[in-house]
Amino acid sequence: MPMKSYEVVMTPIHQEGHRWIAIFAAVSALLFLVGPTLGWIGLILTLWCVYFFRDPNRVVPKQEGILVSPADGTVCAITEAIPPKELDLGDEPMMRISVFLSVFNVHVNRVPAAGTIKKVVHINGHYLDAAVPEASEINERVVVSMETEDGATIVFNQVAGLVARRILCDLEDGDKVERGDRFGLIRFGSRNDIYLDKKYAPLVEIGQTMVGGETVIAAIQS
């Protein structure tokens, strides 16, 4: 459901957005000196920039044994895949759920579960459309492994897209995190993947809309 105008105004802005909003606003002011039409276009783009960097609060589910979606967006793939080799987790495939973020989604990412961060690796790569399956292996990305409070190992990553050129990840090896904690942002269109330990089963389908930090994406199998 689209956000109402007053909700956009009242929603917190991610700190990464302050600099970009200031740049867009300054350029808009200059464009008004050139001509009103260009100025109004610049103003609209500035408002879009504010909208892009919004960082709404979320109500994180409290039940045990669940994982929440690391991002807003749409589930674009559910498949088995070998976890990133940089994390040294072996060659046994894990169930991978991929969430594609358009430029209209909230881009602040959230930790899927409470636990301990084991390893964080930044990998240089290409900038294919984040919706294509190959993006998880060849695009620029940050990959993270963690041990959950349930004793499971999960992996989640941030994948740059066709327009994205900057990945922010605040996590470091050894960090203690809570489910739903903010941990980073990908600027201007992207993808998040989550790799599941065998004890978890997916609870979502391809095409389903995700709300980062709120939507339960998987749960421990009974």
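The values are calculated or read from the model by the stated rules, or taken from the named source; none is laboratory data. Given the structure is predicted, the values throughout are model-derived calculations rather than measurements. Counting neighbours? That spans all protein chains shown, and the Cβs are built from the backbone with ideal geometry, glycine included. For accessibility, only protein heavy atoms count, side chains too; no ligands or nucleic acids. Shrake-Rupley method; radii C 1.70, N 1.55, O 1.52, S 1.80 Å.
Numbers below:
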item	result
Residue satisfying condition, being of a type in the set (S, T, Y) and outside any strand (DSSP E or B), within set S145, S136	S136
The listed residue being surrounded by 14 or more Cβ atoms within 10 Å (Cβ to Cβ) and touching a residue at least 60 places away in the same chain (Cβ under 8 Å), out of D193, D175	D193
Members of the stretch 95-122 that are outside any loop (DSSP other than H, G, I, E, B), under 11 Å from the mean Cα position of the chain (by Cα) and not polar (S, T, N, Q)	V99, F100, L101, V108, R110
Candidates G125, G207, filtered to the one that is surrounded by fewer than 23 Cβ atoms within 10 Å (Cβ to Cβ), among the small types (G, A, S) and farther than 24 Å from R54 by Cα	G125
Which listed residue, of P112, P83, P93, is closer than 18 Å to K199 by Cβ and free of Cβ contacts under 8 Å to residues at least 24 places away in the same chain	P93
In the stretch 45-59, residue farthest from R187 (Cα to Cα) [restricted to those that are in a helix (DSSP H, G or I) and open to solvent by less than 50 Å² (accessible area, probe 1.4 Å)]	T46
Flag for D170 being among the acidic types (D, E), closer than 24 Å to K62 by Cβ and surrounded by 15 or more Cβ atoms within 10 Å (Cβ to Cβ)	no
Residue list for the stretch 150-165, filter: touching a residue at least 40 places away in the same chain (Cβ under 8 Å) and open to solvent by 10 Å² or more (accessible area, probe 1.4 Å)	D150, T153, V163
Test: residue in the stretch 26-44 that is open to solvent by 50 Å² or more (accessible area, probe 1.4 Å) and in contact (Cβ under 8 Å) with a residue 24 or more places away in the chain	no
Scan of the stretch 79-94 for residues that are crowded, with 17+ Cβ neighbours inside 10 Å and part of a strand (DSSP E or B), ordered by number	A81, M94
Residue within the stretch 130-149 that is open to solvent by 70 Å² or more (accessible area, probe 1.4 Å) and within 14 Å of L67 (Cα to Cα) present	yes
